[in-house]
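Heads up: the structure comes next, in structure tokens.
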Amino acid sequence: MNLLNWRKEMSLGIEDIDRQHYMFFEILGRLHEAAVFESHISVLKGLAGDLCCYASLLFRGEENFIALTQDPNGRSHLMEHAEFQHRVAILEDVKILSDRTKVRDITEELGDWLESHISGFDHSLALRVRPAQERVTIMRPAHTMELPRLCESVAS
Ligand SMILES: [Fe+2]
């Protein structure tokens with residue numbers, strides 16, 4: 001079982017991506033906790049919405065790096081992102097959210113999947129990005145503008 005926390009061992013050495021992975025685990029962990037503590041459906045719904053939104057943002061940022069570095073594993077990497085987004089989107093279904101045991105199981109699976117994805121595809125991408133990082137950071141996604149509430153919680 002995943003602890004649903006970003007850990008330093010997951011760092012790729014690229015601040016933007018690490019920050020986004022941290023935030024994703026933060027939201028995932030909150031949703032998991034809300035399911036464990038039987039929180040009101042409105043709380044779960046809000047967190048599931050944040051999670052879907054953040055998954056899109058996270059993957060868009062990485063996919064910019066994939067395009068810039070012409071990663072030969074890019075196609076497989078994009079397919080993994082698409083599959084993951086599909087699994088995250090399941091959590092927006094109110095019937096699923098009403099079953100707290102199912103939400104707990106899905107969030108744990110997503111945490112395990114993301115950890116495995118980071119150590120595989122994302123790590124491989126980071127190795128390609130680092131030499132060109134100065135050029136790439138100019139194009140970093142402006143996530144602080146899009147999700148100020150979520151980003152404030154990272155800073156605190
Ligand atoms: Fe990725």
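Remark: the residue 95-residue 8 segment gains 27.8 nm on full extension, using 0.36 nm per residue and subtracting the alpha carbon distance. A straight line joining the Cα centroids of segment 46-79 and segment 90-113 runs 21 Å. Between the beta carbons of residue 123 and residue 33, assuming R0 = 22 Å, the FRET efficiency works out to 0.20 to the nearest 0.05.
Loop-only trypsin sites (Lys or Arg not before Pro) in segment 1-50, please: DSSP not H, G, I, E or B, and at most 14 other Cβ atoms within 10 Å. Intermediate values should be presented prior to the final figure.
Details: sites: 7, 8, 19, 30, 45; in loops: 7.
Of the trypsin sites (Lys or Arg not before Pro), the ones in loops of segment 1-50 whose Cβ has at most 14 other Cβ atoms within 10 Å are 7.
Using the Cβ-Cβ distance between residue 41 and residue 130 with R0 set to 35 Å, the FRET efficiency works out to roughly 0.20.
Every read-out reported here was derived from the displayed coordinates using simple, explicitly stated rules and does not represent laboratory data. This one's a predicted model, so the numbers in the text were calculated from it and none came from an experiment. All Cβ positions, glycine included, derive from the backbone under ideal geometry; neighbour counts span all protein chains shown.
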